[in-house]
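Novice: Once you've had a glance at the structure underneath, I'll fire off some questions.
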Amino acid sequence: MVKEIERAGIPVVHMCTVVPISLTVGANRIVPTIAIPHPLGDPKLDPKEEKALRRKLVEKALRALETEVTEQTVFEK
Amino acid sequence: MRGGEQMGKIKVVHYINQFFAGIGGEEKADHRPEVREEVLGPGLAIKAGLGDNAEIVATVICGDSYFGENIEEAKKEILELVKKYNPDLFIAGPAFNAGRYGVACGTITEAVQNELGVPALTGMYIENPGADMFKKAVYIVSTKDSAAGMRDAVKNMVPLALKLVKGEEIGSPEEEGYLPRGIRKNYFTDKRGSERAVDMMLKKLAGEPFETEFPMPDFDRVDPNPAVKDITKAKIAIVTSGGAVPKGNPDHIESSSAQKYGKYDIEGIDNLDPSNGETAHGGYDPVYANDDLDRVIPVDVLRDLEREGKIGELHRYYYSTVGNGTAVANAKKFASEFSKELVADGVDAVILTST
């Protein structure tokens, strides 16, 4: 899906936990996430901390969208 | 003499996930690597196929999520477990179309082959992401997309495994049933190249099927689009393969092998909770997503950022499907359809989340 969105001309950031799969499917902007069943959260944290963690990840995704890339790029943790 | 019989036997270590080991489904996918000195699950069919000349001495088990989330550590732990048995042969899977399992099987097969020098192979469906990642590095027997294809998978895996361990010559991918590895092999034919080329050309002109001797590699890559100039003015849409849906899954999106996607209105929703959102995905433990769907699609945070002026606008609709064994052709079709709508709606950027 990520490739079709990119093909349509819209910059897209892929937020996922298994980065090698994202690389294989051809995402260009990749932000690694927490875990497969809860990519953008961590149930071990209290709700406030969890939301702060999520916000950090989303902000990183926004930075990725603002960053020019010429090849597949993983925006590390 | 017992000892004498044992010595001649090929020692096999088999790798499977928590599901095929009978430990549990997605709720047990974080199961850490362990070894059992018994034959389990698909190992029974493999054992039957191998016959009296080989013995599965141990089965290594690891949960798919544990592997996917800790690839390097899991690989190391599993290699240690395999090494202890000093096997003559290593078989992983088959993984069919289970993505995390396929990646695990490919990773560990490659590691056993390259780091322990033990003949190794696995099996999976051609669209499994593990297939593209590892088909050049290891022998991957081509299987059907579900465990209904176990019989056929084992029928192809066993003879190839025995050839590998005996050091016999391996035939072409078509003959042996493995995924092409991109290896060119010289051989003698009766017809010289020019004749074969003319034959192909004549067939092509006549509209008949012909088989190229030099398939072009399939590099389906899309260049990155330019960056968003000003994110504070950008309209951002959420797309997910994590199966996020409104409470009750109104479109009945399938929990695996999805045939459709959904488009859902989030106007006025500031926060997702069990009253307005859940997941339809059958390929991961849904407890966390059903408890708080913001863990899959970050609506709460994007609303905050919208209010604070850090982004222009969160698009009114999100698009969602279940990326669990879903055919690549379907995923492609879904996304090319909704991408047209995203363009028409003036969306500047997409955040795509996957589980």
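The values are calculated or read from the model by the stated rules, or taken from the named source; none is laboratory data. Nothing here was measured: the structure is a model prediction, and the numbers come from that model. No Cβ is skipped: glycine too gets one built from the backbone with ideal geometry, and neighbour counts run over all protein chains shown.
Novice: Please tell me if residue B:28 is at pLDDT below 95 and surrounded by fewer than 17 Cβ atoms within 10 Å (Cβ to Cβ). Even if it seems obvious, please write down each step before you answer.
Specialist: Values: at pLDDT below 95: yes; surrounded by fewer than 17 Cβ atoms within 10 Å (Cβ to Cβ): no.
Considered against the rule, which asks whether it is at pLDDT below 95 and surrounded by fewer than 17 Cβ atoms within 10 Å (Cβ to Cβ), residue B:28 comes out as no.
Novice: Which is within 15 Å of residue B:294 (Cβ to Cβ) and buried (at least 17 other Cβ atoms within 10 Å of the Cβ), of A:34, A:5, A:10? Quick ask: steps written out before the conclusion?
Specialist: On the way: A:5 fails: within 15 Å of residue B:294 (Cβ to Cβ); A:10 fails: within 15 Å of residue B:294 (Cβ to Cβ).
Criteria check complete, one pass: A:34.
Novice: Now for a different question. Taking the stretch B:251-267 as the region of interest, how many residues are part of a loop (DSSP other than H, G, I, E, B) and either touching a residue at least 60 places away in the same chain (Cβ under 8 Å) or of a type in the set (A, V, I, L, M, F, W, C) (or both)?
Specialist: Kept after step one, since they are part of a loop (DSSP other than H, G, I, E, B), are these residues of the stretch B:251-267: B:251-261, B:266-267.
From what is left, the residues that are either touching a residue at least 60 places away in the same chain (Cβ under 8 Å) or of a type in the set (A, V, I, L, M, F, W, C) (or both) are B:253-261, B:266.
Residues flagged as part of a loop (DSSP other than H, G, I, E, B) and either touching a residue at least 60 places away in the same chain (Cβ under 8 Å) or of a type in the set (A, V, I, L, M, F, W, C) (or both) within the stretch B:251-267 amount to 10.
Novice: Among B:289, B:234, which is farther than 20 Å from residue A:38 by Cα and within 12 Å of another protein chain (Cβ to nearest Cβ)? Show your work before the answer.
Specialist: On the way: B:289 fails: farther than 20 Å from residue A:38 by Cα.
Of B:289, B:234, the one residue that is farther than 20 Å from residue A:38 by Cα and within 12 Å of another protein chain (Cβ to nearest Cβ) is B:234.
Novice: For the list (1) surrounded by fewer than 17 Cβ atoms within 10 Å (Cβ to Cβ); (2) touching a Phe, Trp or Tyr at 6+ places or on another chain (Cβ under 8 Å), I need the number of the one condition that residue B:22 fails.
Specialist: Only one criterion is unmet by residue B:22, namely (2).
Novice: Test of understanding: among B:294, B:270, B:285, which residue is in a loop (DSSP other than H, G, I, E, B), within 25 Å of residue B:30 (Cβ to Cβ) and among the charged types (D, E, K, R)?
Specialist: Of the residues listed, the single one that is in a loop (DSSP other than H, G, I, E, B), within 25 Å of residue B:30 (Cβ to Cβ) and among the charged types (D, E, K, R) is B:285.
Novice: While we're looking at this one, here's another question. Tell me, please, whether a residue that is among the basic types (Lys, Arg) and buried (at least 16 other Cβ atoms within 10 Å of the Cβ) can be found in the stretch B:185-206. First the steps, then the outcome.
Specialist: Taking the stretch B:185-206 and keeping what is among the basic types (Lys, Arg), we get B:185, B:191-192, B:196, B:203-204.
Filter again for buried (at least 16 other Cβ atoms within 10 Å of the Cβ), leaving none.
No, because not a single residue in the stretch B:185-206 is among the basic types (Lys, Arg) and buried (at least 16 other Cβ atoms within 10 Å of the Cβ).
Novice: Can you report the number of residues in the stretch A:41-65 which are within 7 Å of chain B (Cβ to nearest Cβ) and more than 15 Å from residue B:350 (Cβ to Cβ)? Even if it seems obvious, please write down each step before you answer.
Specialist: Just the residues of the stretch A:41-65 that are within 7 Å of chain B (Cβ to nearest Cβ), to begin with: A:41, A:43, A:51, A:54-55, A:58, A:61-62, A:65.
Pick out the ones that are also more than 15 Å from residue B:350 (Cβ to Cβ) and you get A:41, A:43, A:51, A:54-55.
Final tally of qualifying residues: 5.
Novice: Then there's this: Looking at the stretch B:1-94, what strands (runs of 3 or more DSSP E) fall wholly within it and have at least 2 residues that are of a type in the set (Val, Ile, Thr) and without any contact (Cβ under 8 Å) to a residue 24 or more places away in the chain?
Specialist: Working: elements: B:10-17, B:34-36, B:54-62, B:89-92.
In the stretch B:1-94, no matching strands (runs of 3 or more DSSP E) lie anywhere.
Novice: Is it true that residue B:109 is farther than 24 Å from residue A:23 by Cα and polar (S, T, N, Q)?
Specialist: Working: farther than 24 Å from residue A:23 by Cα: no; polar (S, T, N, Q): yes.
No; evaluated as a whole, the condition is false for this residue.
Novice: Tally up the residues in the stretch A:22-57 that are hydrophobic (A, V, I, L, M, F, W, C) and touching a residue at least 40 places away in the same chain (Cβ under 8 Å), please.
Specialist: Quick first cut of the stretch A:22-57, residues hydrophobic (A, V, I, L, M, F, W, C) only: A:23, A:25, A:27, A:30-31, A:34-36, A:40, A:45, A:52-53, A:57.
Right, trim to touching a residue at least 40 places away in the same chain (Cβ under 8 Å) and you get A:23, A:27, A:30-31, A:57.
Final tally of qualifying residues: 5.
Novice: Follow-up. Any residue that is surrounded by fewer than 22 Cβ atoms within 10 Å (Cβ to Cβ), at the interface with another protein chain (Cβ under 7 Å from one of its Cβ atoms) and farther than 17 Å from residue B:297 by Cβ - is there at least one of those in the stretch A:17-24?
Specialist: Checked against the condition, which is being surrounded by fewer than 22 Cβ atoms within 10 Å (Cβ to Cβ), at the interface with another protein chain (Cβ under 7 Å from one of its Cβ atoms) and farther than 17 Å from residue B:297 by Cβ, the stretch A:17-24 yields at least one hit.
Novice: Considering each of B:33, B:119 in turn, give the residue that is out of contact with any Pro (no Cβ under 7 Å at 6 or more places or on another chain), at pLDDT 95 or above and more than 29 Å from residue B:281 (Cβ to Cβ). Show your work before the answer.
Specialist: On the way: B:33 fails: more than 29 Å from residue B:281 (Cβ to Cβ).
Of B:33, B:119, the one residue that is out of contact with any Pro (no Cβ under 7 Å at 6 or more places or on another chain), at pLDDT 95 or above and more than 29 Å from residue B:281 (Cβ to Cβ) is B:119.
Novice: As an exercise: evaluate residue B:288 against (1) in contact with a Gly (Cβ under 8 Å, 6 or more places away or on another chain); (2) under 19 Å from residue B:239 (Cβ atoms) and give the number of the one condition it does not meet.
Specialist: Residue B:288 satisfies every listed condition except (2).
Novice: Can I ask one more? Hey, can you tell me all the residues within the stretch B:301-322 that are in contact with a Ser or Thr (Cβ under 9 Å, 6 or more places away or on another chain), more than 8 Å from chain A (Cβ to nearest Cβ) and not aromatic (Phe, Trp, Tyr)?
Specialist: So the first thing to find is which residues in the stretch B:301-322 are in contact with a Ser or Thr (Cβ under 9 Å, 6 or more places away or on another chain), and the list is B:309-312, B:318-322.
From what's left, more than 8 Å from chain A (Cβ to nearest Cβ): B:309, B:312, B:318-320, B:322.
Listed by number, the residues that qualify are B:309, B:312, B:320, B:322.
Novice: For residues in the stretch A:30-40 being more than 7 Å from chain B (Cβ to nearest Cβ) and not hydrophobic (A, V, I, L, M, F, W, C), which is farthest from residue B:301 (Cα to Cα)? Reasoning before the result, please.
Specialist: Within the stretch A:30-40, the subset more than 7 Å from chain B (Cβ to nearest Cβ) is A:30-34.
Add one more test, that the residue is not hydrophobic (A, V, I, L, M, F, W, C), and what stays is A:32-33.
Values: A:32: 17, A:33: 15 Å.
The selected residue is A:32.
Novice: Looking at the stretch A:26-69 only, could you name the residues that are in a loop (DSSP other than H, G, I, E, B) and touching a Pro at 6+ places or on another chain (Cβ under 7 Å)? If you could, list the steps in order and put the result at the bottom.
Specialist: Of the stretch A:26-69, the ones in a loop (DSSP other than H, G, I, E, B) are A:26-28, A:33-46, A:67-69.
Within the stretch A:26-69, A:28, A:33, A:40, A:68, A:69 qualify.
Novice: Return the residue satisfying two criteria in turn: it lies in the stretch B:307-336 and is in a helix (DSSP H, G or I) and either polar (S, T, N, Q) or touching a residue at least 12 places away in the same chain (Cβ under 8 Å) (or both), and of such residues it is surrounded by the most Cβ atoms within 10 Å (Cβ to Cβ).
Specialist: In the first step, residues of the stretch B:307-336 are kept if they are in a helix (DSSP H, G or I); the result is B:307, B:328-336.
Checking the rest, the ones that are also either polar (S, T, N, Q) or touching a residue at least 12 places away in the same chain (Cβ under 8 Å) (or both) come to B:328, B:330-331, B:334-336.
Values: B:328: 14, B:330: 16, B:331: 22, B:334: 23, B:335: 27, B:336: 15.
Restricting to residues being in a helix (DSSP H, G or I) and either polar (S, T, N, Q) or touching a residue at least 12 places away in the same chain (Cβ under 8 Å) (or both), the top hit is B:335.
Novice: Right, another one. State the number of residues belonging to the stretch B:186-244 that are part of a strand (DSSP E or B) and of a type in the set (Val, Ile, Thr).
Specialist: Filtering the stretch B:186-244 for residues part of a strand (DSSP E or B) gives B:235-240, B:242, B:244.
If we keep only those that are of a type in the set (Val, Ile, Thr) as well, we get B:236, B:238-240.
Result for the stretch B:186-244: 4.
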